[in-house]
Structure formats: structure tokens, C-alpha cells
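Reviewing the structure listed below.
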Amino acid sequence: MRMYDLIMKKRGGGALSAEEIDYMISEYTQNRIPDYQMSAMMMAVYFRGMNEEETAALTMAMARSGDMLDLSAVDGIKVDKHSTGGVGDKTSIALAPMAAACGVKIAKMSGRGLGHTGGTIDKLESFKGFTTGITAEHFISQVNNIGISIMGQTLDIAPADKKLYALRDVTATVDNMSLIASSIMSKKLASGADAIVLDVKTGSGAFMKKEEDAFALAREMTALGKSVGKNMTAIVSDMDQPLGLAVGNALEVKEAIETLQGRGPADFTKLCITLGTYMVMAGGKAGSMEEAESMLREVIENGKALNKLAEFVEAQGGDKRAVYDTSLLPQATIVEEIISEKEGYVNHISCDEIGICSLILGGGRETKESEIDLSVGLVLHKKVGDHVKAGESLAAIHANDRAKLEAARERFLAAYTISDTAPAPSELIKGILR
Ligand code: URA
């Protein structure tokens, strides 16, 4: 087999066989196919697409390219959750302890973020001493003992995807449905869970700007998981404005804690309850959706979900006192309000731009080597549909550097569209696929 012939075939619109895809992925992982040939292939795929069989073969080839985590030593049904990501998305930090407090086994692998704010791991490091650099043995025994563990990517999970994703990132070939679906699902399938609940985001802060594309991605990923026997659910949810009110690592952790105390923002709480209901059902812990939902509300009311977060933080070396006293989380030295000059209704918030404000403040990574400032970010006071008076605050900005604060303030004000009339209300949950 020659890579040149495979590129020609795809360039001409042909379908690659499973053997051809296996060959291409295995040789590329072992550095026997150069980046320039793989770049040409990715561009051919970008324009010609891949059919269902090709996408499935690519997913499995990438899943098998490194370690496959064996979770058979964990008793019961293991449930994983994955979000395609967005601004203010701190869902795992509240949802994982909620589901675990209902008896669901949460064995989750998470990554660091490259972009607006950190990923789940970065956010969890707001708890002093917390580590996700644990061994597979620690991970498994922790899930058996307390029902929850989140591990960093210490294993060599889907190395082919790691290499390919880095290449796509610099060759303008990220936003292809088959490539995104196979990239995400290869990592999920190598991580060993029995059931996967996907949160596919759509809107100005998401990969999938258009709702129809988000549904197509959700369909593709659920089909991939089902084809290898996984129990799959995908929720398509709004990312046309930040989720909740907090954007920034420690600020998001604080908001997740407040949500576990029953005083979180309505949209964020609703998303956690919706995703959680499917996780509790997939984990076999409730007989109906109604029962699953009331179990989740109960563990918030009786404090079990908050205590589960504390137990989880402690089991991974973190200072659990911050769960009960959020003043122990990293704090910025400057907190200022961003004042609106206009009166009217918030009609639109350019979600990506709010993420960039957090990045400017130091809350995200521009390159893999960047250090994150966990304390900085924004807490919104006004969201889409809210009325604002001139002189009223739109958000609080948390910073450690005045020049960065001013740059973020300017960008923030430009991201808000304030008009005379209120916009039509928009749904948080756009649809659910099973
Ligand atoms: N996230 C991934 O892991 N892969 C993609 O291709 C896009 C988003």
C-alpha cells in the first residue's frame, strides 16, 4: 500500500477501505508517513468527506493506536460525559459529584485546555494540591471506593489523534464533521466507559456555529458509539452566550460549588440536571427519568453532592476546605465592574469574545507551554434578554494586571449588543438524541 495512492483515491472522491485506513493511521503514528502527505489527505477528506464506514474505521484505528483503558475492575456500569466545549463550561465539576452521589460510577479522563480558559483539569487545580496525575490503579480503586475519579491523560490514549489533531489545527482542517466525530470518539472509546453522555454545543462560542451542524455531529458520534455497543445519549445545548455567569478557572469552580449548594445560575443548574438525569438512567440507578431527576435534586438539597466533591478533591490530594470556604480558592488582586454606557436589552453576546477576554486576562493558554492564572476572569451580571440601565454593571472583571484589565474591558463592551427591544427567548436544550 502507498500513501500516495490513498491520497489520489480520496482526492477523486473514492471511499477508503478499513484496511487502507488502518494502514494510514498505524504508519502515521509510527512516523512512517510524513506530515505533508497526511496534510494532503486531511485536505482531501475535508473537501470529499468520509462515509459512515470510513468514519467508523478511522475512529477505531485511532482508538487502538495507543493504550485502551480496561475498566473491568470497576464494579457496575461506568458512565462518562463529554462536552464539545465552550465558554464558562464548568459542567463536569458540578455534574460528576452529583451523579456520583446518586451512585453512578464516574471514571473520567480529562484534558487541559488550549484556548479561552483551562480545561477541567486546570480548573480542578484551583484546589491547592489537587492532582490528576494518578496511576491507572489509583484511578480504578478510587472509583471503586468513592464512586468518582478524574484522571489526566497520563496514559497514551489515542496518540494517532493527538498527532493528527495537532496537524489539522495548523492546516485548516479541524472543522470537518467526520474528523471531529472520530477524534472525540476515538478518545472516548479508548477510555473504557460503558455509557457516554455527550453535550454537543452550538452557537457563537462553539465549534458548531449552526444548530443543524451540531445535530449532525451529535448523530454521527452517537452512531459511532452504538456501533461498538456503547449506551449513547447526546444533548445539543446552547453556547450562543456563556454558560452560567462565571468565566475563568477558579471563578467557575466557585460557581460549580454554589450550584452544588442549590444556588447556581438557572441555565447551568438546568444543564447539569438534564445531563445528570441521562447519566443516572444510563448507570442503572433509577427506574424513570422523573426518579433520576428527583434523586439529583435531592443530593443537592441534602448536601451529599457537595460532600462528594469534597471527598473527590481530598482523594486526589486537594485541599477540600475550599469546597466549604471558597475564599480559599485563588483570588485576583483587582476586581472592578464593567459599566454599561447604554440602556436597553441585551440582544446578543458574542460568546467567543467573552472567552477571549478571559484569555487576555491570563485565564487561558495561547500555547501548550503557557502558564494559566487560575484567579482571573469575569462574572456576568447581565445575560441575553436582561434589561440594563446606563451606568449599571454588566459584569465584574477579576484581574491581576491593570493593562490586561483595560484591554479585556474594551473587548468585553464590544461583545455586548444592547438594543431597544428584547430578543426572542432562546432554548438552552435544543434537542436530545439517543
Ligand atoms: N475536540 C477534539 O477532541 N477533536 C476535534 O477534532 C475537535 C474538538
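Does Ala107 count as in a helix (DSSP H, G or I) and at negative phi? It is false that Ala107 is in a helix (DSSP H, G or I) and at negative phi.
Conditions: (1) hydroxyl-bearing (Ser, Thr, Tyr); (2) at pLDDT below 95; (3) exposed (fewer than 15 other Cβ atoms within 10 Å of the Cβ). Ser83 meets all but one. Number of the miss? (3) is the only condition that Ser83 fails. Residue under question is Thr120, and the condition is that it be under 23 Å from Asp267 (Cα atoms) and assigned by TED's automatic domain parsing to the domain that holds Ala310; does it hold? Yes; evaluated as a whole, the condition is true for this residue. Among residues of the range 392-434 being closer than 30 Å to Ser227 by Cα and among the charged types (D, E, K, R), the one that is surrounded by the most Cβ atoms within 10 Å (Cβ to Cβ) is Lys430.
Within the range 166-179, identify whether any single residue is away from the ligand (no atom under 12 Å from the Cβ), farther than 27 Å from Ala44 by Cβ, in the same structural domain as Asp238 (by TED's automatic domain parsing) and of a type in the set (A, V, I, L, M, F, W, C), and answer yes or no.
No, there is no match, as no residue in the range 166-179 is away from the ligand (no atom under 12 Å from the Cβ), farther than 27 Å from Ala44 by Cβ, in the same structural domain as Asp238 (by TED's automatic domain parsing) and of a type in the set (A, V, I, L, M, F, W, C).
Taken over the range 75-98, the residue count meeting the criterion of being in contact with a strand residue (DSSP E or B) (Cβ under 6 Å, 6 or more places away or on another chain) and closer than 18 Å to Gln316 by Cα is 1.
How many residues, within the range 152-165, are within 11 Å of the ligand (Cβ to nearest atom) and open to solvent by 20 Å² or more (accessible area, probe 1.4 Å)? Within the range 152-165, residues that are within 11 Å of the ligand (Cβ to nearest atom) and open to solvent by 20 Å² or more (accessible area, probe 1.4 Å) number 2.
Please verify whether the range 360-370 includes one or more residues that are assigned to a strand (DSSP E or B), open to solvent by 30 Å² or more (accessible area, probe 1.4 Å) and in contact with a helix residue (DSSP H, G or I) (Cβ under 9 Å, 6 or more places away or on another chain). No: the range 360-370 contains no residue that is assigned to a strand (DSSP E or B), open to solvent by 30 Å² or more (accessible area, probe 1.4 Å) and in contact with a helix residue (DSSP H, G or I) (Cβ under 9 Å, 6 or more places away or on another chain).
For the range 181-201, which residues satisfy the criterion of being closer than 15 Å to Ala63 by Cβ and of a type in the set (Val, Ile, Thr)? Across the range 181-201, the qualifying residues are Ile184, Ile196. Filtering the range 125-139 for residues that are among the aliphatic types (A, V, I, L, M), at pLDDT below 95 and away from the ligand (no atom under 16 Å from the Cβ) leaves a non-empty set. On the stretch given as the range 280-314, residues that are open to solvent by 40 Å² or more (accessible area, probe 1.4 Å) and either touching a helix residue (DSSP H, G or I) at 6+ places or on another chain (Cβ under 6 Å) or not polar (S, T, N, Q) (or both) total 15. Condition check for Lys81 on (1) within 16 Å of the ligand (Cβ to nearest atom); (2) part of a loop (DSSP other than H, G, I, E, B); (3) closer than 24 Å to Gln261 by Cα: one failure, at (2). Regarding Asp352, is this residue on the phi < 0 side of the Ramachandran plot, buried (at least 22 other Cβ atoms within 10 Å of the Cβ), among the acidic types (Asp, Glu) and not in a strand (DSSP E or B)? For Asp352, the condition - on the phi < 0 side of the Ramachandran plot, buried (at least 22 other Cβ atoms within 10 Å of the Cβ), among the acidic types (Asp, Glu) and not in a strand (DSSP E or B) - is not met. Restricting attention to the range 152-161 and to residues that are at pLDDT 90 or above and either in contact with a strand residue (DSSP E or B) (Cβ under 8 Å, 6 or more places away or on another chain) or not acidic (Asp, Glu) (or both), the residue that is farthest from Ile121 (Cα to Cα) turns out to be Ala160.
Figure legend. Inter-residue proximity from the range 383-406: first residues farther than 24 Å from Leu359 by Cβ and assigned to a strand (DSSP E or B), second residues open to solvent by 10 Å² or more (accessible area, probe 1.4 Å) and of a type in the set (A, V, I, L, M, F, W, C), beta-carbon distance below 7 Å, spacing 6+ or different chains. Indicated pairs: Val388/Ile418.
Within the range 56-68, is there a residue that is part of a strand (DSSP E or B) and open to solvent by less than 20 Å² (accessible area, probe 1.4 Å)? No, that holds for no residue.
Checking Lys226, Lys230, Lys209, Lys254 one by one, the residue that is more than 16 Å from the ligand (Cβ to nearest atom) and without any contact (Cβ under 8 Å) to a residue 12 or more places away in the chain is Lys226 and no other.
Does any residue of the range 180-188 turn out to be assigned to a strand (DSSP E or B), within 11 Å of the ligand (Cβ to nearest atom) and under 19 Å from the mean Cα position of the chain (by Cα)? Checked against the condition, which is being assigned to a strand (DSSP E or B), within 11 Å of the ligand (Cβ to nearest atom) and under 19 Å from the mean Cα position of the chain (by Cα), the range 180-188 yields no hits at all. In the condition set (1) in a loop (DSSP other than H, G, I, E, B); (2) touching an Asp or Glu at 6+ places or on another chain (Cβ under 8 Å); (3) hydrophobic (A, V, I, L, M, F, W, C), Ala172 is compliant with all but (2). When Leu71 is tested against (1) in a loop (DSSP other than H, G, I, E, B); (2) over 27 Å from Arg219 (Cβ atoms); (3) of a type in the set (A, V, I, L, M), only condition (2) is not met. Apart from one condition, Gly192 fits all of (1) modelled with pLDDT of 95 or more; (2) closer than 17 Å to Gly111 by Cβ; the exception is (1). If the condition is being of a type in the set (Val, Ile, Thr) and open to solvent by less than 10 Å² (accessible area, probe 1.4 Å), then the range 223-258 contributes Thr233, Ile235, Val236, Val247, Val253, Ile257.
Of all residues assigned to the range 399-411, none qualifies as being of a type outside the set (A, V, I, L, M) and within 30 Å of Phe215 (Cα to Cα).
The values are calculated or read from the model by the stated rules, or taken from the named source; none is laboratory data. Quick caveat: nothing in here was measured; it's all calculated off a predicted structure. As a convention, Cβ positions derive from the backbone with ideal geometry for all residues, glycine included, and neighbour counts pool all protein chains shown. Ligands, DNA and RNA are stripped out before the accessible areas are found, and what is left, the full protein with its side chains, is counted by its heavy atoms. Shrake-Rupley method; radii C 1.70, N 1.55, O 1.52, S 1.80 Å.
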